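Student: Quick one: the structure is below, questions incoming.
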Amino acid sequence: MRSAASGTYSNVEIIIVDDGSTDATGSMAEQLAPEDPRIWVIRRENGGPSAAFNSGVAVASGDYIARLDADDLWHPAKLEAQVSFAVEHPDVGFVYTLVRYIDESGRVLQDGPRQEFPSRALCRGICESIVGGGSSALMKRSAVEQAGGCDESLRSWEDLLLQLTISARHRIGFVPQYLVGYRIRPASLTRDIDPMVRGWRAVRARLKDDFPEVPAFVHAWAHGVRCATFAEGYAWRKQPLRSTALLAEAVRYDPAYVSALLRFRLARRAAKRGMRARRLPLVNFFDCHPAEPITADRFEPHPAHRRFASFEEGRRQALAELDARLAREV
């Protein structure tokens, strides 16, 4: 709440949606609201992230909507940079930024992936997810309303579906700065993956129905990549049966990706002793210059990583060419 209120762009409403919380969220919000006339609080029965988002949009009066999840932080320059970009590019439906992963104390653990999408990125967005966290995007209100807001039947992946629906009709924009702190807690490492898998299967069916112009192989690639990611998550949690089943499913849908990924993982594990992590001090998110990566070079480069990166880049180029063709056909 304080990171939202301390931004350099001050012409904002800060609408706090207490979605039936069972902790001190509601009381903390109501204590903070009198300190800042821009803050007001909505309290409602728990309906999930989609319903909470839609509740906030329904009462907002601004031309742009930005979601900030409860655990995350915004750099003071975030909204100013995004609004400036949006005003200069009125055909853009939403603008995203880079993120850093932070710990419970707000110290940077790692820079997030440097996702740089072309202005038309429906196919690539389906495969890769346009924004790594819901707290990154600044969306044009009219684009959100045209998309119908978030699908309240979804308890996860709702932000991806909304972003893709917008990107199918509008260009997207990018501010190449690390302006969001995405918090990773110890409980995140042991969190049950089952709801994420069920959520992905539900949203995957929607993606195939909502975007019939996207070739079937793109949907297959997307499913293969997600299944491989879930398989790794189950492996980390020492659930080999579920990991193996999802890896086999990933192979059925995208054998090329799984083969490249496994070669990379195995080669890196074999050379693990030679991959010495550079010791970097943990610094506070707000003390980092948003335009400068700080942990991207934590590990010395390995040939296996370069080969896998080359595979991913080739796929990105293929998706970009497909997105460009789809945009010309619209």
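The values are calculated or read from the model by the stated rules, or taken from the named source; none is laboratory data. Predicted, not measured: the structure shown is a model, and the values here were computed from it. For neighbour counting, all protein chains shown are included, and Cβ atoms are generated from backbone atoms with ideal geometry for every residue, glycine included.
Student: Go through (1) in contact with a helix residue (DSSP H, G or I) (Cβ under 7 Å, 6 or more places away or on another chain); (2) of a type outside the set (D, E, K, R); (3) assigned to a helix (DSSP H, G or I) for P195 and report which single condition fails.
Tutor: (1)
Student: When you go through G233, G181, G173 one by one, which is the residue that is buried (at least 16 other Cβ atoms within 10 Å of the Cβ) and either under 14 Å from S129 (Cβ atoms) or touching a Lys or Arg at 6+ places or on another chain (Cβ under 8 Å) (or both)?
Tutor: Just one listed residue meets the conditions, G181.
Student: Another question, if that's okay. Kindly indicate whether any position in region 117-129 is surrounded by fewer than 15 Cβ atoms within 10 Å (Cβ to Cβ) and not assigned by TED's automatic domain parsing to the domain that holds A220.
Tutor: No, because not a single residue in region 117-129 is surrounded by fewer than 15 Cβ atoms within 10 Å (Cβ to Cβ) and not assigned by TED's automatic domain parsing to the domain that holds A220.
Student: Sticking with this one: Going through region 131-156 one residue at a time, which ones are in contact (Cβ under 8 Å) with a residue 24 or more places away in the chain, crowded, with 19+ Cβ neighbours inside 10 Å and assigned to a helix (DSSP H, G or I)?
Tutor: Hits for region 131-156 are A143, V144.
Student: Failed condition for P195, given (1) surrounded by 13 or more Cβ atoms within 10 Å (Cβ to Cβ); (2) not assigned by TED's automatic domain parsing to the domain that holds R141, with all others met?
Tutor: So P195 meets the others, but not (1).
Student: Given the conditions (1) in a loop (DSSP other than H, G, I, E, B); (2) in contact (Cβ under 8 Å) with a residue 24 or more places away in the chain, report the number of the one that P113 does not fulfil.
Tutor: Every condition holds for P113 apart from (2).
Student: Going through region 31-50 one residue at a time, which ones are in a helix (DSSP H, G or I) and surrounded by fewer than 19 Cβ atoms within 10 Å (Cβ to Cβ)?
Tutor: Scanning region 31-50 gives Q31, L32, A33, P34, E35.
Student: Let me ask something else. Taking region 13-30 as the search range and keeping residues that are out of contact with any strand residue (DSSP E or B) (no Cβ under 7 Å at 6 or more places or on another chain) and not in a helix (DSSP H, G or I), which one is nearest to N54 (Cα to Cα)?
Tutor: E13
Student: Checking S105 against (1) in a loop (DSSP other than H, G, I, E, B); (2) at pLDDT 95 or above; (3) within 29 Å of F286 (Cβ to Cβ): exactly one of these is not met. Which one?
Tutor: Looking at each condition in turn, S105 falls short on (2).
Student: Does Y96 meet the test of being aromatic (F, W, Y) and either over 27 Å from V283 (Cα atoms) or not in a strand (DSSP E or B) (or both)?
Tutor: In short, no.
Student: Are any residues in region 75-114 closer than 25 Å to A324 by Cβ and either surrounded by fewer than 16 Cβ atoms within 10 Å (Cβ to Cβ) or in contact with a helix residue (DSSP H, G or I) (Cβ under 7 Å, 6 or more places away or on another chain) (or both), and if so, which ones?
Tutor: Residues satisfying the conditions are E88, H89, P90, D91, V92, G93, F94, V95, T97, P113, R114.
Student: Report, by residue number, each residue of region 15-30 that is crowded, with 19+ Cβ neighbours inside 10 Å and β-branched (V, I, T).
Tutor: Listed by number, the residues that qualify are I15, I16, V17.
Student: Of the residues that sit in region 1-39 and are among the hydrophobic types (A, V, I, L, M, F, W, C) and at pLDDT below 90, which one is nearest to Y182 (Cα to Cα)?
Tutor: Selected residue: M1.
Student: Next question. Note down all Cβ pairs under 8 Å where the first residue falls in region 304-330 and is in contact (Cβ under 8 Å) with a residue 40 or more places away in the chain and farther than 24 Å from F264 by Cβ, the second is buried (at least 16 other Cβ atoms within 10 Å of the Cβ) and among the β-branched types (V, I, T), and they're at least six residues apart or on different chains.
Tutor: L322/V218; L326/V214
Student: Residue under question is F53, and the condition is that it be closer than 15 Å to L162 by Cβ and either in a strand (DSSP E or B) or touching a Pro at 6+ places or on another chain (Cβ under 9 Å) (or both); does it hold?
Tutor: no
Student: Would you please list the contacts, defined by Cβ atoms under 8 Å and residues six or more apart or on different chains, that run from a residue in region 84-101 that is farther than 20 Å from D69 by Cβ to a residue that is assigned to a loop (DSSP other than H, G, I, E, B)?
Tutor: Short answer, once both residue conditions are applied: D91/H170; V92/S119; V92/H170; G93/R169; G93/H170.
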